[in-house]
Structure formats: C-alpha cells, structure tokens
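K.L.:
So that we are looking at the same thing, I have put the structure below in structure tokens.
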C-alpha cells in the first residue's frame, strides 16, 4: 500500500526529472553548436597559416630573383668599366668583383631552386588543405543543422513536459508539494525514494525500525532521518 500523496509525488518527480533532463539538453545545445564553429574556425586558421607560409616562400623567391638581377646588372657595369679602363690594377679589381658577384649569384640561384621546390610542395599542401577544409565545412554545416533540428524537437518536448509537470503538481497537496520542492532544491537529484532492505534509497543509510514501520503504514509522509528525503515502502 502506498500513500496517495506519495503516489502523486512520484508522478510529479518523474515529470520533474523529465523536465530537468530536457532543460539540460536544451541549455547544452548552444555550446555544442559553438564547439562545431570553434573547431571549424581552428581548421580555417590552420589553412590560412599554410597559405600564408606558402606565399612567404614565393615572396622570398622573388626577392632573391630581384637580387640576382641586381647583381647581374652590377656585373654588366663592371665589364663595361673594364672596357674603358687602361689600368691593370683597376681591371684586376673589377675582375675580382665580377668573380665575387658571380659566386654570390650562384649561391642565390641555389637558394632560389630550393625555394621553388618548397613553393611547389606548399602549393600541393594548400590544394590538399583546401579540399579538407571544404569537407570540414560541409560536415560542420550538417552537424549544426542536426543540432538545431534536435534543439527544436527538445524545445517542443520541453513545452509538453512542462504542461504535464504542472498537471502533476496540481494533484499534490500544497503542503506536501512545498516540502517536496524544498527537499529537491537541497538534494538536486530526487526528493522521494523507496526503502531498500531497510535503507534509504537516496543516501543508502540504514533507517530506524520506526521509520520503516511508518513508511509501511503509509498514513503520512515519512522522511529519512539521515538525508531528509521522503521515503516510501515499496511492496
């Protein structure tokens, strides 16, 4: 035998649990959507970093190319000067400058070749990254649509659950409902629990014989002397 008020409280508690679960899911929805956006933003930032790194490689190569052209122009000037000078010392000095500049050009051209290879690899990496980013964007779009659809369903379920919750609360005497709400606010999970093997189904502490007998009698609401939750005898 279960006290009618206990029966009404159990129905209310079941509906409270349902509302709490739906509320938690609904509150979590914006965070889940934000997490999808954040993950995509991180991938986009990584892709932009790869593109920028590749652009910098090409920029460095162009600088070297301009340096080579400048040094080639210098060699042309040195040779022009050699044709006009009549002094052996000046001719030799210009020849030395030409040789030195040619070595510099050779070193720069080696660097330019390395940068060209790096740039080609960079372009391949950019192409792959662009493909992966497009896939990630499509995946994120679908995931967000799925989350938004689920949020809409949960919102509708929440509205229906709250109506049932209100109906259930009306069936509970005002004093009992007030007591139940106070306990629920304190314990956060459930306010009314069954007795299992002489112990409270909430805190699992042993109950006194009198508490168990009172719960069996089902004449009034009975509380666990340890945690304060309402307890009932489950036949």
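No value in this document is a laboratory result; all are computed from the given coordinates. Bear in mind that the values here come from a model prediction, so they are computed numbers and not experimental data. Heads up, the Cβs are rebuilt from the backbone with ideal geometry, glycines too, and the neighbour counts pull from every protein chain shown.
K.L.:
Under a plain spin-label model, where a point goes 7 Å from the Cα along Cα-to-Cβ, how far apart in nm are residue 153 and residue 225?
P.N.:
Placing both labels 7 Å along Cα→Cβ, they lie 4.9 nm apart.
K.L.:
To continue, here is another question. Applying 1/(1 + (r/R0)^6) with R0 = 25 Å to the Cβ-Cβ distance of residue 95 and residue 67, what FRET efficiency is obtained, to the nearest 0.05?
P.N.:
The formula returns an efficiency of 0.70 here.
K.L.:
So what's the back-of-envelope 222 nm ellipticity for the chain, counting only DSSP H runs of four-plus at -39500 (n - 2.57) apiece and dividing by all residues, rounded to 500?
P.N.:
-29500 deg cm²/dmol
K.L.:
Quick one: length gained pulling residue 162 to residue 23 fully straight, 0.36 nm per residue minus the C-alpha distance?
P.N.:
49.0 nm
K.L.:
For the pair residue 79/residue 206, report the inter-label distance in nm, with labels modelled 7 Å from Cα in the Cβ direction.
P.N.:
10.8 nm
K.L.:
Which order do 2, 64 fall in if you start with the one that has the fewest other Cβ atoms within 10 Å?
P.N.:
Fewest-to-most Cβ neighbours within 10 Å comes out as 2, 64.
K.L.:
Right, something else. On a full-extension model of 0.36 nm per residue, what is the gain between residue 2 and residue 196, subtracting their alpha-carbon distance, rounded to one decimal in nm?
P.N.:
Taking 0.36 nm per residue and subtracting the Cα distance, the gain is 68.3 nm.
K.L.:
Where does helix 4-84 land angle-wise versus the long Cα axis of the chain, in degrees 0 to 90, nearest 10?
P.N.:
0 degrees
K.L.:
Quick check: the distance between the Cα centres of segment 131-204 and segment 27-69, to the nearest angstrom?
P.N.:
Value for the Cα centre distance between the two parts: 42 Å.
K.L.:
If I take R0 = 22 Å and measure r between the Cβ atoms of residue 110 and residue 50 in this structure, what FRET efficiency does the formula 1/(1 + (r/R0)^6) give, to the nearest 0.05?
P.N.:
0.30
K.L.:
How much length is gained on full extension from residue 87 to residue 216, taking 0.36 nm per residue of separation minus their Cα-Cα distance?
P.N.:
Full extension from residue 87 to residue 216 adds 33.9 nm.
K.L.:
Sorting 17, 68 on the 10 Å Cβ count, fewest up front, what's the list?
P.N.:
By the 10 Å Cβ count, ascending, the order reads 17, 68.
K.L.:
Hey, with R₀ at 41 Å, roughly what FRET efficiency would residue 137 and residue 186 work out to, going by the Cβ-Cβ distance, to 0.05?
P.N.:
0.30
K.L.:
Which order do 232, 78 fall in if you start with the one that has the fewest other Cβ atoms within 10 Å?
P.N.:
78, 232
K.L.:
For segment 183-235, state what percent of all Cα-Cα pairs lands in each successive 5 Å bin, counting from 0 Å until the bin that includes the largest distance.
P.N.:
4, 26, 35, 22, 10, 2
K.L.:
Using only alpha-carbon positions, what ratio does the radius of gyration of the chain give when scaled by 2.2 N^0.38 Å?
P.N.:
2.30
K.L.:
What is the antiparallel percent of DSSP beta bridges lying wholly in segment 86-235, to the nearest 5?
P.N.:
So the antiparallel bridges in segment 86-235 amount to around 60 percent.
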